[in-house]
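The values are calculated or read from the model by the stated rules, or taken from the named source; none is laboratory data. Everything quoted here is computed from the prediction, not taken from an experiment. Methodologically, a virtual Cβ is constructed for each residue, glycine included, from the backbone with ideal geometry; neighbour enumeration extends over all protein chains shown. Note: accessible area is taken over every heavy atom of the protein model, side chains too, but ligands, DNA and RNA are not part of it. Shrake-Rupley method; radii C 1.70, N 1.55, O 1.52, S 1.80 Å.
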Amino acid sequence: MRSELIYTAGVYLSEGISITLTDSRKVSIGAWKDFQSRFITQDELNERAAKAEGIAIVCGKVSGGLEVIDVDCRYDKNKMRIVLLAMVIYCLF
């Protein structure tokens, strides 16, 4: 699992996308704000990987202006489908 995290983090970083590693609660290991202006170093990645359960992408200027829309419709799958369809239509036109 750790080697997969490090590999996947490397893929994101090679594409110019800033990341931070997260714990089991999906909370950044280390200060999230640090990675809004710089990329995680290999040493930081290796050091934090032992405690990591996931990867979070840091959007904004540091990642080339990347934006993400996060939609949570936990109890209403139909609402999720409608929101996703609306987003696709919006992006196409």
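Do the conditions hold for L45, that is, is it under 14 Å from the mean Cα position of the chain (by Cα), surrounded by 15 or more Cβ atoms within 10 Å (Cβ to Cβ) and not basic (K, R)? Answer is no for this residue. With respect to A56, determine if the residue is modelled with pLDDT under 90 and open to solvent by less than 80 Å² (accessible area, probe 1.4 Å). For A56, the condition - modelled with pLDDT under 90 and open to solvent by less than 80 Å² (accessible area, probe 1.4 Å) - is not met. Note on region 62-75: residues that are modelled with pLDDT of 70 or more and not hydroxyl-bearing (S, T, Y) amount to 8. Evaluate the following for D70: is it open to solvent by 40 Å² or more (accessible area, probe 1.4 Å), part of a helix (DSSP H, G or I) and out of contact with any Leu (no Cβ under 6 Å at 6 or more places or on another chain)? Taking the combined requirement at face value, the residue does not satisfy it.
Yes/no per residue for (1) hydroxyl-bearing (S, T, Y); (2) touching a Gly at 6+ places or on another chain (Cβ under 8 Å):
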residue	(1), (2)
E4	no, no
T8	yes, no
L13	no, no
I17	no, yes
I29	no, no
A49	no, no
D70	no, no
L92	no, no
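Would you mind stating whether V62 is under 19 Å from T8 (Cα atoms) and in a loop (DSSP other than H, G, I, E, B)? The answer is no for V62. Figure legend. Inter-residue proximity from region 2-17: first residues in contact (Cβ under 8 Å) with a residue 12 or more places away in the chain, second residues surrounded by 13 or more Cβ atoms within 10 Å (Cβ to Cβ) and of a type in the set (S, T, Y), beta-carbon distance below 7 Å, spacing 6+ or different chains. Indicated pairs: G16/S63; I17/S63.
Contact map, region 68-89: first residue closer than 28 Å to S18 by Cα, second residue of a type in the set (G, A, S) and modelled with pLDDT under 70, Cβ cut-off under 6 Å, separation 6 or more or different chains; the map is empty. Within region 1-37, if we keep just the residues that are open to solvent by 90 Å² or more (accessible area, probe 1.4 Å) and not in a helix (DSSP H, G or I), the residue that is modelled with the lowest pLDDT turns out to be M1.
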